[in-house]
1. With label points built 7 Å along Cα→Cβ from the Cα atoms of Gln133 and Asp32, find their separation and express it in nm.
2. Starting from 0.36 nm per residue, how many nanometres of slack lie between Thr172 and Asp202 once their C-alpha separation is accounted for?
3. Please compute the contact order of the chain in relative form: average sequence separation of alpha-carbon pairs under 8 Å and at least six residues apart, divided by the residue count, as a percent.
4. Restricting to the chain, what percent of DSSP beta bridges are antiparallel, rounded to 5?
5. Suppose every K and R has +1 on its Cβ and every D and E has -1 on its Cβ; what is the size of the dipole of the chain about the Cα centre, in Debye to the nearest 20?
6. Please work out the FRET efficiency for the pair Leu149 and Thr120, using the Cβ-Cβ distance as r and a Förster radius of 30 Å; give the result to the nearest 0.05.
7. What distance in nm separates the two pseudo spin-label positions at Asp160 and Arg64, each 7 Å out from Cα along the beta-carbon direction?
8. Find how many whole Å separate the alpha carbon centroid of segment 3-38 from the alpha carbon centroid of segment 98-160.
Amino acid sequence: MPDKITIAVSKGRIYDDAIPLLAKLDIIPVDDPNKTRKLVLETNQPNVQLLVIRATDVPTYVERGAAELGIAGKDVLMEYSGDDLYEPIDLGIAKCRMMLAGLKNAKPIINRPRVVTKYTNITKNYFAERGQQVEIIKLYGSMELGPVLGLSDWIVDLVDTGNTLKANGLVTLEHIADISSRLVVNKAAMKMKNATIKPILDKLSEIVSES
């Protein structure tokens, strides 16, 4: 009997994009997460189950060993501070960009710039590398309101189409990082359950390289 494997993945866009990839591995959930309250989904493979959780919790569950594998956005991984994860495969799904943005016709900034974001570590590291001091204000949503209402000068956030920025009078100023979803692996599990995990990684790498 192969080792039991739990794959942590978040609901929403990442889950929707990951399911076709998992199907190519012949891993298919028995229940639809949009129609069940179950957080642990069994699959057609008796030794594989899916753990459906918040995106920001995926690396924690994998690093702590509650899941052997996980699928997480690069933004979440850049923001996460743990180091007991392997990040072997860029799955190339759920793509977007991490951007610095501000008002289209903003006045010159006299004092230390204020930046609203939920990505405080990414923002801090980005400006530290530039040698620029900023005041970081953490918000959990509606970043675009920061500059509009005078709470901040800039925002750091994910941008897909850019339509929300445009609708609120903002423009992109700097490209911080390209974001896509990555497969992450618990380091201990990679050693202890290598016979089960390595074939999954090999097959996924093959599938991604062909797409």
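1. So the two model labels end up 5.5 nm from each other.
2. Residue separation times 0.36 nm, minus the Cα-Cα distance, leaves 7.0 nm.
3. For the chain, the relative contact order is 27 percent.
4. 65
5. Dipole about the Cα centre, nearest 20: 500 debye.
6. 0.90
7. 2.9
8. 34
Bear in mind that the values in this text are calculations on the coordinates, not laboratory data. Source: prediction; values computed, not measured. No Cβ is skipped: glycine too gets one built from the backbone with ideal geometry, and neighbour counts run over all protein chains shown.
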